[in-house]
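Visitor: Take a look at the following structure, please.
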């Protein structure tokens with residue numbers, strides 16, 4: 001049976017822009033965040049304060065074990081970090 005439905009790669013950080021509400025500056029913010037002069041960013045954390053100042057088109061993800069900061073146009077290249085961590089036999093895998 002044919003179907004016509006959309007697809008969204010919810011496995012990517014940039015999908016958050018489609019799934020969550022943006023503030024007046026185009027930011028998707030989850031967690032304890034203070035942002036000043038911050039535009040079109042994705043910022044996700046939990047209890048620890050994340051403060052941003054003067055950034056644009058950046059992804060910031062803070063977890064208990066690691067902090068990711070990357071340009072949105074490089075979000076699909078996060079696999080390169082995983083590759084590097086594997087080569088280093090990192091405990092973060």
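Visitor: Quick check on segment 70-93. Is at least one of its residues surrounded by 11 or more Cβ atoms within 10 Å (Cβ to Cβ), touching a strand residue (DSSP E or B) at 6+ places or on another chain (Cβ under 7 Å) and part of a loop (DSSP other than H, G, I, E, B)?
Guide: No, the conditions are met nowhere in segment 70-93.
Visitor: Follow-up. For residue 32, work out the one condition from (1) under 19 Å from residue 57 (Cβ atoms); (2) at pLDDT 95 or above; (3) surrounded by 13 or more Cβ atoms within 10 Å (Cβ to Cβ) it doesn't fulfil.
Guide: (1)
For every residue, the table says whether it meets (1) within 18 Å of residue 13 (Cβ to Cβ); (2) in contact (Cβ under 8 Å) with a residue 24 or more places away in the chain.
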{"position": "31", "(1), (2)": "yes, yes"}
{"position": "37", "(1), (2)": "no, no"}
{"position": "61", "(1), (2)": "yes, yes"}
{"position": "64", "(1), (2)": "yes, no"}
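Visitor: Which of the residues belonging to segment 46-62 are more than 11 Å from the chain's Cα centre (by Cα) and surrounded by 11 or more Cβ atoms within 10 Å (Cβ to Cβ)? Lay out the reasoning, then the answer.
Guide: First, pick out the residues of segment 46-62 that are more than 11 Å from the chain's Cα centre (by Cα): 46-56.
Across segment 46-62, the qualifying residues are 46, 48, 50, 51, 52, 55, 56.
Visitor: Find the residue count for segment 29-55, including only residues that are over 27 Å from residue 93 (Cβ atoms) and in contact with a helix residue (DSSP H, G or I) (Cβ under 9 Å, 6 or more places away or on another chain).
Guide: 1
The values are calculated or read from the model by the stated rules, or taken from the named source; none is laboratory data. Note that the structure is predicted; figures quoted are calculated from it, not measured. Methodologically, a virtual Cβ is constructed for each residue, glycine included, from the backbone with ideal geometry; neighbour enumeration extends over all protein chains shown.
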